[in-house]
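Heads up, the thing below is written out as structure tokens.
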Amino acid sequence: MTETPPITVLLDDTAYAEAVQLAVDSAAAYYADGTSTLDDDAYDQLVRGITAYEEKHPESVLPSSPTGKVAGGAVVGDVPHTVPMLSLDNVFGPEQLADWAAGLERRLGRPVTAWSVEPKLDGLAISARYRHGRLAQLVTRGDGTAGEDVSHAIGTIVGLPDRLADAVTVELRGEVMMTASQFEQACAKREAHDGTTFANPRSAAAGTLRAQDRPYVCELTFFGYGVLPPPDDDSEFAVRLRGLPHSQVMGWVAAQGVQTTAATPVAGILAETLDQVQARVEEIAAARAELPFGIDGIVIKCDLAGDQAEAGFSSRAPRWAVAYKLPATEKITKLLRVEWNTGRTGIIAPRAVLEPVKLDGSVVTYATLHNVADITRRGLMLGDSVTVYKAGDVIPRVEAPVVHLRTGDEQPIPIPELCPQCGDAIDRSQERWRCVRGRNCQAIASIIYAVERDTLDIEGLAASRVKQMFDTGLIADFADLFFLTREQLLGLERMGETSTDNLLAAIEQAKTRPLSRVFAALGVRGTGRAMSRRIARHFATMDEVRAADAEAIQRVEGMGPEKAPLVVAELAELAPLIDKLVRAGVNMIEPGATPPSAEPVAPGQELPLASMSVVVTGTMTGPLAALSRNEVNELIERAGGKSSSSVSAKTALLVAGEKAGSKRAKAETLGVRVVSPEEFADQVSAFL
Ligand code: IVH
């Protein structure tokens, strides 16, 4: 965060004029429909170049420059704003923040001792006009002086009530956006309607807000960040509201029934010093990847009305607030190639090869493309400039082509006719294409997965040995391992008596693994290790799992309505393999779990972590040191808890080992109980 941000160097008036035009066009597209020819980092870099040029050549400044006016100049609506909707100046690191604050304090002639620190929501600014407590009109920001009437969206925006608690006349200002789940639903609706999809939550929100005649309705979310009484209102209420510190104004807004970020992990806080501000900036940045909505920075405001009034405004932004920008999670780069790979379960998946691009702290070269239907929905072509998204530890993904950057040289993406692994035919009956040989196409990979440490954990069975056994015809699937004889193993090259006996013992041992491990080893599509544990705990026995229909499977926590029928179909496909495992004497029971049909637990017999959501982070020490993360999660679930990878308000306990980073900070902010691995081991010792 401390490195100096890059800047576009402009050498003469022509370059300057071109840069201004590029910035204006880009901002216009961004504010109109959320798309742009420039990603956020590139835009900021360009504006820094324009600013630097203007400082050196004040005589050349163009009236259309993005530095001189409210950003987002092009979509002018016809509803004038009562008070202009301004932009915010940006800072990009602690030094720039300190410089900005020092400048402000010089202007005020005193130190600022109350700062409000809140997330910068990555949506669209909107003004919601309430008359006598009723929501009367919604206006977009437009060019900042006038916006578009989008009142047709009233009733579709979560967090923006039709009526306030008090019958007051005010204008609420805030951001309209789509949460991750709203975005998913919107994409599904649009796909059902015309087979296309939205590029990202921001452009989906922009399009949805302005769309008037769509046959389907998509839900939006509002977070308020300010309120204005009418400018000419000098009633006692209006005067009092104008005099309140920002933090108290936000309290009032929430009390009116309007959503604010107060209920989120990145709630606004009050800070007295810049060190405290910076600490909160870092907490918000750390929480960003796990938020269900997009933020692109942190807004720091003077909290006191008196400080704000005295600081005043420049032509484009308030002097009492600043945006601390976070690195972009989305960039534009080139789609160079598409590779096709057949996975463990026979699924054929495309992968995008990109011109390397730095994104959220790492260089991205590959990104997921999901499936053929997804490529078609997005209308992608080879050579396209594409938006690529990555945040936190999510797998980078290609969002959409930037259609206005096309040169005409783009080519259709070649789609495979045959399985890229074995050359057999492709089953195209589902959206995710599959080799007709199914999991047999990649049988070796399936067996290796089944015997790994976090599945059946067959010690000493290396991938090369699996391949050798497969190639010599000793095994065709992992169940065959349980029928191997001593003679068969001794007959293999590089296999002595001791290693044979050790391997046979390890295979015997693997028969006693809990159902969760056995189920995971099957590699059922749509389930990973965590879901396998949930299924095993829910049903307790393989017989119960196999007897379940889609409806019953869907009762497993986190199992969606699309996945449940797939799991049922997979279990049918895997029936011969499961039968073979049963014949071999492999355990099919989850210790400590009770099937859904059985009696409920008697009071006093609850498990120590009953219905607690537990997150584990950092390096484990003490009795937990020997366990893999998967094994710690299994332990949590045996003890009745739910293991989760992210800290949220719902987390009951954080087990923080050495080098616990952002999760610990987040837990502390949220008031989540934090324990050491040793304390935790004590608590669940009966299950270790
Ligand atoms: S206060 C006078 N607070 O950022 C402008 N703005 O780049 C004061 N934004 O147009 C705005 N989160 O749409 C404020 N917590 C927040 C915000 C926020 C997002 C947007 C807003 C504004 C843009 C400026």
message: Modelling each spin label as a point 7 Å along the Cα-to-Cβ direction, I'd like the residue 376/residue 270 distance in nm, to one decimal.
response: 5.8
field: Listed residues 397, 432, 190 arranged by accessible area, highest first, probe 1.4 Å
entry: 432, 397, 190
query: Taking 0.36 nm per intervening residue step and subtracting the Cα-Cα distance, what contour gain separates residue 606 from residue 279 on full extension?
result: 113.7 nm
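Give me the net charge of residue 356's neighbourhood, meaning all other residues with Cβ under 12 Å from the Cβ of residue 356; Lys, Arg count +1, Asp, Glu -1.
Local charge sum for residue 356: +2.
For region 352-457, what is the Kirkwood estimate of the hydrodynamic radius, computed as the reciprocal of the mean inverse distance between distinct Cα atoms, to one decimal in Å?
About 16.3 Å for region 352-457.
Counting Lys and Arg as +1 and Asp and Glu as -1, each charge on the Cβ, what is the dipole of region 150-224 about the Cα centre in debye, to the nearest 20?
Working: 7 positive and 9 negative charges, 25 e Å.
For this selection, approximately 120 debye.
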message: Once ligands and nucleic acids are excluded and a 1.4 Å probe is used, how much of residue 78 is accessible, expressed in Å² to the nearest 10?
response: 130
- prompt: Could you give the dipole magnitude of region 231-323 about its Cα centre, charging the beta-carbon of Lys and Arg +1 and that of Asp and Glu -1, in debye to the nearest 20?
  reply: 180
- request: Determine the order of 187, 302, 422 by accessible area, beginning with the largest, at a probe radius of 1.4 Å.
  value: 422, 187, 302
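Could you tell me what percent of the DSSP beta bridges with both partners in region 360-485 are antiparallel, to the nearest 5?
In region 360-485, DSSP labels about 90 percent of beta bridges as antiparallel.
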query: By a straight-distance test (C-alpha under 14 Å), which aspartates and glutamates pair with residue 663 as possible cross-link partners, with residues fewer than eight away in the same chain excluded?
result: 282, 283, 290, 393
query: How high is the FRET efficiency from residue 583 to residue 366, r the C-beta distance, R0 35 Å, rounded to 0.05?
result: 0.25
- request: Given a cut-off of 24 Å, name the pairs among 56/301; 325/358; 331/563; 358/659; 511/563 whose C-alpha atoms lie farther apart than that in the structure shown.
  value: 56/301; 331/563; 358/659; 511/563
- request: Express the accessible area of region 186-332 per residue in Å², computed with a 1.4 Å probe while the remaining protein chains stay in the model.
  value: 41
field: Dimensionless Rg/Rh of region 471-525 - Kirkwood Rh, Rg from C-alpha atoms
entry: 1.02
task: Take peptides 233-241, 635-643 and line them up by average Cβ neighbours within 10 Å, highest first, as a rough protection proxy.
output: 635-643, 233-241
Of 527, 479, 438, farthest towards positive along the dipole that unit charges on Lys, Arg, Asp, Glu beta carbons give region 438-533: 527
statement: Of 440-446, 270-276, ordering from highest average Cβ density within 10 Å down gives 440-446, 270-276
- line: Taking only Cα atoms of region 64-188, the Rg to Rh ratio with Kirkwood Rh works out at 1.03
- prompt: Rg/Rh for region 417-540: what does it come to with C-alpha atoms and Rh from Kirkwood?
  reply: 1.02
message: Let's see if you can work this out: charge +1 on each Lys and Arg Cβ, -1 on each Asp and Glu Cβ, no other charges. What is the dipole magnitude of the chain about its Cα centre, in debye to the nearest 20?
response: 920
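Between residue 151 and residue 99, what FRET efficiency comes out of the Förster formula 1/(1 + (r/R0)^6) with R0 = 45 Å and r the beta carbon distance, rounded to 0.05? Spell out each step's value before the answer.
Working: r = 42 Å, r/R0 = 0.93.
Plugging the Cβ-Cβ distance into 1/(1 + (r/R0)^6) gives 0.60.
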message: In whole Å, what are the extents of the chain along the principal axes defined by its C-alpha atoms, from largest to smallest?
response: 92, 66, 48
Simple spin-label estimate for residue 82 and residue 194 in nanometres, 7 Å along Cα-Cβ: 3.6
statement: Percent antiparallel among DSSP beta bridges confined to the chain, nearest 5, equals 80
statement: With all protein chains in place and a 1.4 Å probe, residue 30 shows an accessible area in Å² (nearest 10) of 50
- request: Putting +1 on Lys and Arg Cβ atoms and -1 on Asp and Glu Cβ atoms, find which of 688, 621, 574 reaches farthest to the positive end of the dipole of region 570-688.
  value: 621
Pair residue 309, residue 499: separation of 7 Å Cα→Cβ label points (nm): 8.4
field: Heavy atoms of residue 439 accessible to a 1.4 Å probe, total area in Å² rounded to 10
entry: 30
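Excluding residue 306 itself, what net charge comes from residues whose Cβ is under 12 Å from its Cβ, given Lys and Arg +1 and Asp and Glu -1? Working shown, then result.
Numbers: positive: 110, 242; negative: 303, 307, 310.
Combined, the nearby Lys, Arg, Asp and Glu give -1.
Please list 404, 152 in order of solvent-accessible area, largest first, computed with a 1.4 Å probe with all protein chains present.
Numbers: 404 105, 152 70 Å².
Ranking 404, 152 by accessible area, largest first, yields 404, 152.
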query: Roughly what % of Cα-Cα distances in region 247-396 sit above 27 Å, to the whole percent?
result: 45
- prompt: Hey, can you rank 322-330, 85-93 by average C-beta count inside 10 Å, highest first?
  reply: 322-330, 85-93
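The values are calculated or read from the model by the stated rules, or taken from the named source; none is laboratory data. Being a predicted model, the structure only gives us computed values, none of them experimental. Cβ atoms come from the backbone with ideal geometry, glycine included; neighbour counts cover every protein chain shown. Each accessible area value is taken on the protein alone, full model and side chains, heavy atoms only, with ligands, DNA and RNA left out. Shrake-Rupley method; radii C 1.70, N 1.55, O 1.52, S 1.80 Å.
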